[in-house]
Amino acid sequence: MPDPAVQFQHVTFAYPGAAQALADVTLDVATGACLGVLGPNGGGKSTLLKLALGLLNPTRGVVRVLGHSPREAAARGLIGYVPQRSGAEQAFPLSVRQVVEMGPALRLSPWRTLTQGDHQAVDAALAAVGATSIASKHVGSLSGGQFQRVQIARALASRPKLLLLDEPTVGIDVAGQQQFADLLNRLRHDFGITVMVVSHDIRTVASGCDRIACLSRTLHSHVAPEGLTPGVLAEVFRHDVAAIFGDLHVDAHSAEACTGHHHAPATPVQISIPSKPTQGASPP
Amino acid sequence: MNTIHYLTDPTLRDLFLPGVITGLAIAIMCAGLSVLVVLKRLAFVGQGISHAAFGGAGVVATLGWMSAAGAVSLGAFGIVFGFCLFAALAIGWLSLKGKTEADTAIGIVLVASMALGAILLTRAAHLHGSSRGVSWESFLFGSMDGISWTDAALGWGSAGIVLFSLWFFRRPMVFWAFDPVVARAMGVREPVMSLVLMTLLALATVTAMKLAGVVLATAMLVLPGACALLFSRRWSVVLWLALLIALAGVVGGLVLGFEADWPTGPSIVVVLAAVFAAGRVYSFLQSRRAASSPTPAALQ
């Protein structure tokens with residue numbers, strides 16, 4: 001069995017002068033898997049990604065990414081990242097294609113130009129996110145959802161082994177969320193990339209990921225999507241789940257109980273996404 | 001034609017030709033930087049750095065190196081550059097560390113340098129007398145008079161360093177300028193990029209100060225890029241336009257200065273500001289035309 005792509009071993013992190021954002025989190029992400037990290041706002045999800053990227057160092061514990069320290073993995077170009085809030089300055093006079101080319105170009109020495117393989121990777125990345133038709137558009141003319149796809153394409157074009165996505169469906173409508181879930185499946189099958197998706201949106205992670213970690217400062221469970229239970233979700237979100245996700249069909253099954261680390265409620269749930277989007281709905 | 005006369009008369013040519021040659025170096029150097037300055041909203045940073053040069057000029061005047069040439073001019077350049085670099089790094093450090101808001105940091109550095117420069121220049125006038133050529137106007141608004149062939153060589157050397165550095169760091173620099181959050185996550189070292197950019201800004205400011213003065217040096221680092229971005233949304237076109245506009249501003253400003261007997265620094269800025277105004281009109285007309293043209297849906 002190959003080594004996990006990402007390992008968090010007893011990781012604790014606290015921002016200066018603040019309470020612990022993460023407490024003793026131990027979590028493995030298998031190579032080639034798609035892990036969705038669910039949790040409430042302020043539950044430590046984005047902090048977990050920043051630790052994997054090496055933007056933060058754990059107060060205690062160890063983080064390993066693809067056998068390296070996170071910073072080394074980032075410096076080797078092994079990680080692709082799409083942030084929650086883009087800090088991109090969209091007034092830059094750049095086309096979509098030029099933005100996507102930034103990914104592979106970053107690894108080149110100043111004297112070298114993009115290879116044919118790099119151009120093919122850019123084409124494939126644009127096609128994967130459905131952005132081929134807007135490749136020549138000015139990046140400032142894109143909608144939020146379109147720019148989100150361009151950011152994913154830029155991450156893919158650098159051919160990473162691990163893709164980290166922070167709240168990728170914020171501001172995207174239900175139709176776009178379904179398309180994003182399909183994209184997650186394609187990333188794993190077509191690109192063979194290990195994916196970590198952080199979200200408070202249960203639809204995205206339940207339908208696009210094969211493992212789900214429920215995080216709210218501590219790791220509450222780490223299960224397959226069908227192992228999620230109302231009890232675990234209520235514990236993580238500290239609310240009545242039905243009240244939050246009222247449009248989800250949460251059907252109790254008599255399947256075996258959730259194998260979460262701390263909780264084993266009696267009734268696992270099956271989560272199905274609301275019906276397919278209507279025609280003409282805008283893409284993400 | 002005064003311009004032809006200035007550049008062909010043997011005596012006047014030796015006086016003004018180094019200024020013209022230096023002006024071209026400044027135009028080329030500032031063009032590339034100005035696009036980044038505008039897009040990264042560093043215009044006020046440029047103000048802070050250029051005004052720091054006033055403090056450096058005060059030190060140079062106190063040392064009595066103000067109107068000397070040759071090797072001494074190199075030392076003066078180094079001192080003023082040191083002041084600008086220190087100011088740039090102080091601004092960058094204060095704002096990067098989040099200790100002080102960037103605009104507050106710039107404001108503090110700006111006024112402190114101006115105050116130091118004013119005190120030292122006054123002292124220099126007492127120490128060395130007015131014969132050492134301590135002219136506040138030339139510091140503030142630039143002058144063709146004091147530019148030597150050594151300054152021209154320094155100007156082209158600086159331009160070479162700036163252009164090579166921009167080319168060498170173009171990929172991480174543009175990525176960082178465009179999207180700093182993801183650039184950091186993908187291994188771009190933000191402190192290195194910030195240090196490189198601030199150093200280049202300091203170098204360009206010191207060089208531009210000779211011709212345009214402390215107050216107007218920033219114009220060379222802002223207006224070419226700001227103008228170019230009004231005319232195009234394509235990266236390569238914007239870079240070439242910024243270069244052409246900077247060259248046109250310097251050449252046009254020098255000609256205007258020679259013909260109307262105006263100071264060169266303000267003349268250059270007036271020309272660049274006129275191009276910017278024309279660009280705004282062009283941009284306004286373009287947006288009006290786009291708004292009034294029928295949409296594809298309306299054509300169906």
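The values are calculated or read from the model by the stated rules, or taken from the named source; none is laboratory data. Computed from a prediction, not measured in an experiment: that's the story for all the values here. No Cβ is skipped: glycine too gets one built from the backbone with ideal geometry, and neighbour counts run over all protein chains shown. Please note that ligands, DNA and RNA were not included when accessible areas were found on the heavy atoms of the full protein model with its side chains. Shrake-Rupley method; radii C 1.70, N 1.55, O 1.52, S 1.80 Å.
What does the accessible area of residue A:143 come to, in Å² to the nearest 10, when a probe of 1.4 Å is used? For residue A:143, the solvent-accessible surface is approximately 60 Å². If you take the accessible area of A alone plus B alone and subtract the pair, what total do you get in square angstrom, rounded to 100, with a 1.4 Å probe? Rounded to the nearest hundred, the buried surface is 2500 Å². Could you work out the relative contact order of segment A:47-116? I mean the mean sequence separation of Cα pairs under 8 Å and 6+ apart, divided by the number of residues, in percent. So the answer I get is 18 percent. Karplus-based coupling profile of segment A:9-25, in residue order and whole Hz: 10, 6, 8, 10, 9, 9, 6, x, x, 10, 5, 4, 7, 9, 10, 6, 8, with θ = phi - 60° in 6.51 cos²θ - 1.76 cosθ + 1.60 and x standing for Gly or Pro.
One chain, two ends: residue B:125 and residue B:8. Fully extended at 0.36 nm per residue, the span grows by 38.6 nm beyond their Cα-Cα distance. Helix B:71-96 axis versus longest C-alpha principal axis of chain B: approximately 40°, rounded to the nearest ten. Each label point is 7 Å from the Cα along the Cα-to-Cβ direction; what then is the distance between the points at residue B:149 and residue B:237, in nm? That separation, rounded to one decimal, is 4.3 nm. From the Cα gyration tensor of segment A:1-158, with a ≥ b ≥ c the square roots of its eigenvalues, which class applies: rounded if a/c is under 1.5, or else prolate if a/b is larger than b/c, or else oblate? In terms of gyration-tensor shape, prolate. Take the Cα of residue A:19, step 7 Å toward its Cβ, do the same at residue B:261, and the gap between the two points is 7.7 nm.
Just so you know, the averaged projected area of the alpha carbon convex hull for segment A:6-48 sits at 3.3 nm². Here the simple spin-label model places points 7 Å from the Cα toward Cβ, and for residue A:124 and residue A:143 these points are separated by 2.9 nm. Between residue B:164 and residue B:195, take the C-beta separation as r, use R0 = 22 Å, and let me know the FRET efficiency to the nearest 0.05. So the FRET efficiency works out to roughly 0.85. If you run the Gaussian network model on chain B, springs between alpha carbon atoms under 10 Å, then out of B:162, B:182, B:37 the most flexible one is B:182.
Per residue, segment B:2-289 exposes an accessible area of 42 Å² to a 1.4 Å probe, with every protein chain left in place. Taking all protein chains together, A:218, B:22 sort by accessible area into A:218, B:22, largest first [probe 1.4 Å].
How high is the relative contact order of segment A:91-159, given as a whole-number percent (alpha carbon pairs under 8 Å, six or more residues apart)?
Values: 82 pairs, mean separation 36.0, N = 69.
It rounds to 52 percent for segment A:91-159.
Evaluate the Debye formula for chain B with equal point scatterers sitting on the alpha carbons, no solvent, and hand back log10 of I(q)/I(0) at q = 0.13 Å⁻¹, in q order, two decimals. One equal scatterer on each Cα of chain B leads to -0.91.
Here segment A:91-159 has 52 percent of its accessible surface on carbon and sulfur atoms, given a 1.4 Å probe and all protein chains in place. Counted by Cβ distance under 13 Å from residue B:36, the other residues give a net charge of +2, where Lys and Arg count +1 and Asp and Glu count -1. Which of the residues in segment A:79-106 show a loss of at least 40 Å² in accessible area from their chain by itself to the complete set of protein chains, at a probe of 1.4 Å? At a threshold of 40 Å² (probe 1.4 Å), the residues of segment A:79-106 that become less exposed are A:81, A:87, A:89, A:92, A:93, A:102, A:106. Backbone amide hydrogens, once placed in the peptide plane, bring residue A:37 within less than 5 Å of A:197, A:198, A:199, A:213, excluding anything fewer than 5 places away on its chain. Net charge in the neighbourhood of residue A:141 (other residues with Cβ under 15 Å of its Cβ; Lys, Arg +1, Asp, Glu -1) is +4. Please say if segment B:179-300 is rounded, prolate or oblate, where rounded means a/c under 1.5 for a ≥ b ≥ c the square roots of the C-alpha gyration tensor eigenvalues, and otherwise the choice is prolate for a/b larger than b/c and oblate otherwise? Oblate.
Counting pairs of alpha carbon atoms under 8 Å apart in space and at least six apart in sequence, what relative contact order in percent does chain B give?
29
Against the criterion of solvent-accessible heavy-atom surface with a 1.4 angstrom probe, B:209, A:196 sort, most first, into B:209, A:196.
Rank these residues by their accessible area, most exposed first, probe 1.4 Å: A:137, A:161. Before the final figure, lay out each step's value.
Working: A:137 80, A:161 120 Å².
Putting A:137, A:161 in descending order of accessible area: A:161, A:137.
The heavy atoms of residue B:119 present about 100 square angstrom of accessible area, all protein chains included, probe 1.4 Å. So for segment B:171-230, what percent of the C-alpha to C-alpha distances run longer than 15 Å? Value for segment B:171-230 (Cα pairs over 15 Å): 60 percent.
Solvent-accessible area of residue A:209, all protein chains in place: 10 Å² (probe radius 1.4 Å, heavy atoms, ligands and nucleic acids excluded).
At a probe radius of 1.4 angstrom, the accessible area of segment A:1-159 per residue rounds to 41 square angstrom.
Electrostatic tally near residue A:52: other residues with Cβ closer than 13 Å to its Cβ, Lys and Arg +1, Asp and Glu -1, net +2.
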